[in-house]
1. Would you point out the residue of the stretch 206-264, among those that are among the aromatic types (Phe, Trp, Tyr) and free of Cβ contacts under 8 Å to residues at least 24 places away in the same chain, that is most open to solvent (accessible area, probe 1.4 Å)?
2. Please enumerate the residues belonging to the stretch 3-53 that are hydrophobic (A, V, I, L, M, F, W, C), open to solvent by less than 80 Å² (accessible area, probe 1.4 Å) and at pLDDT below 90.
3. Out of all the residues in the stretch 145-163, which are assigned to a helix (DSSP H, G or I) and over 15 Å from Thr127 (Cα atoms)?
4. What pairs come out if I take residues in the stretch 138-159 that are closer than 16 Å to Gln96 by Cα and free of Cβ contacts under 8 Å to residues at least 40 places away in the same chain and pair them with residues that are open to solvent by 20 Å² or more (accessible area, probe 1.4 Å) and part of a helix (DSSP H, G or I) whose C-beta lies under 8 Å away, six or more apart or interchain?
5. Based on what the data block shows, is Asp312 open to solvent by 40 Å² or more (accessible area, probe 1.4 Å) and part of a loop (DSSP other than H, G, I, E, B)?
6. Among the residues of the stretch 78-85, is any touching a Lys or Arg at 6+ places or on another chain (Cβ under 6 Å) and surrounded by 12 or more Cβ atoms within 10 Å (Cβ to Cβ)?
7. Would you mind stating whether Gln105 is open to solvent by less than 80 Å² (accessible area, probe 1.4 Å) and within 42 Å of the chain's Cα centre (by Cα)?
8. Within the stretch 320-339, can one find any residue that is touching a residue at least 12 places away in the same chain (Cβ under 8 Å), in contact with a Leu (Cβ under 9 Å, 6 or more places away or on another chain) and open to solvent by less than 100 Å² (accessible area, probe 1.4 Å)?
Amino acid sequence: MTISYTLKVANSRFGGFSKLLFRWKGSIYKLLYKEFIVFMVLYAVLSLVYRRLLTEEQKRIYTKVAQYCNRSTDLIPMSFVLGFYVTLIVNRWWAQYTSIPLPDQLMCVISSNVHGKDEKGRILRRTLIRYANLSSVLILRSVSTRVLKRFPTMDHVVEAGFMTQDERKKFESLHSDFNKYWIPCVWFTNLAAQARRDGRIRDDVALRLLMDELNLYRAKCSMLFHYDWISIPLVYTQVVTIAVYSFFTFCLIGRQFLEPLEPGQEGDLDMYIPLPTLLQFFFYAGWLKVAEQIINPFGEDDDDFETNKLIDRNLQVSLLSVDDMYQNLPPAVKDKYWNESTAQPPYTTATAAETLKPSFLGSTFDMRMCEDAEQSQPAEASPSVPRIQTPLLSRFFAGASPAISIKNFGRGSRGHPHLRHPRVDGGFPSPHPNRSEDPESVACIEEEGTEDEESGASKPPMPGGCLGGPRPPEASEMQRKELPLIQVKAPSSDSIGADRPEAWEP
């Protein structure tokens, strides 16, 4: 059965995973111990031969070979090859589990849309859901060794109640060279269409919903078949296996203790047990064994899917849903919190501390605002300061802003080259010399110095010299001399895009 340790890791605590290291069933020790023992025996044999049986000249030759093998291990990209391969295997493993057909959605639709409390209605609902379960049993017999051992022949399927003798005759009378798991799904569709004609399914919308759920169920059966048919390319599995085996073959020779070649030369520390090499074998070979175990999860390994239990569960739950639970409803009554505006379920003593925790209202609820009262006052727009918009866009938003001021765009022409300067003759150059402008969209040049002083004096002073505070009169006079303030009237809707001469008023 599947090894579950979810409860053991429900809470993170000191040494939480350490307790899982001493379990045998489903562990890496059970999966790898035979290969590990073989590797250790081969390493020990080579070590004894080198230490006891070789002559000095043979030891010198073996030392050069061992150094060459040790350097060759760096040329095999073990982490890349194994990591990518195991990631592919794990994704495929989970996708196969999600493709196992479960009748939960289909049985709910059958129970709510196939009507009739009489015996015929009951037979109809049970037959529909039995066809769906029969289809899953047939496909699982094709991909799972456990299910095939349970139902080795069609006689066992009939004896288990998934199929009648008449249905078996019709099933076997249809000759096909391919898997026939889809036949019960076709029986389902024909029976549902007959139920619609008899009025057991009351409208076409319910029939369409029933067909959609059946198609989803059949699609999962089909995916299981294709996962079993189309495997990961064999060449990829061979590459990974050869890489692991060749890596540890080099390690058997290259990770041995070696005597120095020259007399007086300091040698490596003699570690009779090569602990780093053994750990490396445990990690890399264990990684390969994990992929070997889950590449086909429909076998009989410890962590393979319990398909027989799924068949039992699906049949029992689906028959209860479409038969015993059909229109078998508890009475609808007022709930416990009928007269309460705020429902608060009770807590036990073990969970009472959770009531003291405040509810999460959003991350900005804990942000501290500025304590200055003036910063929290709403800003009121001054009637003497028009809304700021760009001159080009103002031509297309004439209805939103009747007058557009560009006096706040900046002071000076160096920072804003798009401001138009007066010509010698008193007019303003057009931004489009080849295009004439509407006479209604001329610019009225006004000296607004007095308005600026009045609006500046009316605004409250801001701390820290912020915008809106009092300014020296000398600075205002210099800015007015540098660039006159311009107020442009927005054009009318009829003048947008017109190609007429433009005039400017001083």
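1. Across the stretch 206-264, the extreme among qualifying residues is Trp229.
2. Once the filter is applied, which keeps residues that are hydrophobic (A, V, I, L, M, F, W, C), open to solvent by less than 80 Å² (accessible area, probe 1.4 Å) and at pLDDT below 90, the stretch 3-53 yields Ile3, Val9, Ala10, Leu20.
3. Thr145, Arg146, Val147, Leu148, Lys149, Arg150, Met154, Asp155, His156, Val157, Glu159
4. If the second residue must be open to solvent by 20 Å² or more (accessible area, probe 1.4 Å) and part of a helix (DSSP H, G or I), the pairs left are Arg141/Leu148.
5. For Asp312, the condition - open to solvent by 40 Å² or more (accessible area, probe 1.4 Å) and part of a loop (DSSP other than H, G, I, E, B) - is not met.
6. No, every residue in the stretch 78-85 fails to be touching a Lys or Arg at 6+ places or on another chain (Cβ under 6 Å) and surrounded by 12 or more Cβ atoms within 10 Å (Cβ to Cβ).
7. no
8. For the stretch 320-339, residues touching a residue at least 12 places away in the same chain (Cβ under 8 Å), in contact with a Leu (Cβ under 9 Å, 6 or more places away or on another chain) and open to solvent by less than 100 Å² (accessible area, probe 1.4 Å): present.
The values are calculated or read from the model by the stated rules, or taken from the named source; none is laboratory data. What you are looking at is a predicted structure, and each value in this text was computed from that prediction instead of being measured. Reconstructed Cβ throughout: ideal geometry from the backbone, glycine too, with neighbour counts over all protein chains shown. Protein only, heavy atoms only, side chains kept; ligands, DNA and RNA dropped before computing areas. Shrake-Rupley method; radii C 1.70, N 1.55, O 1.52, S 1.80 Å.
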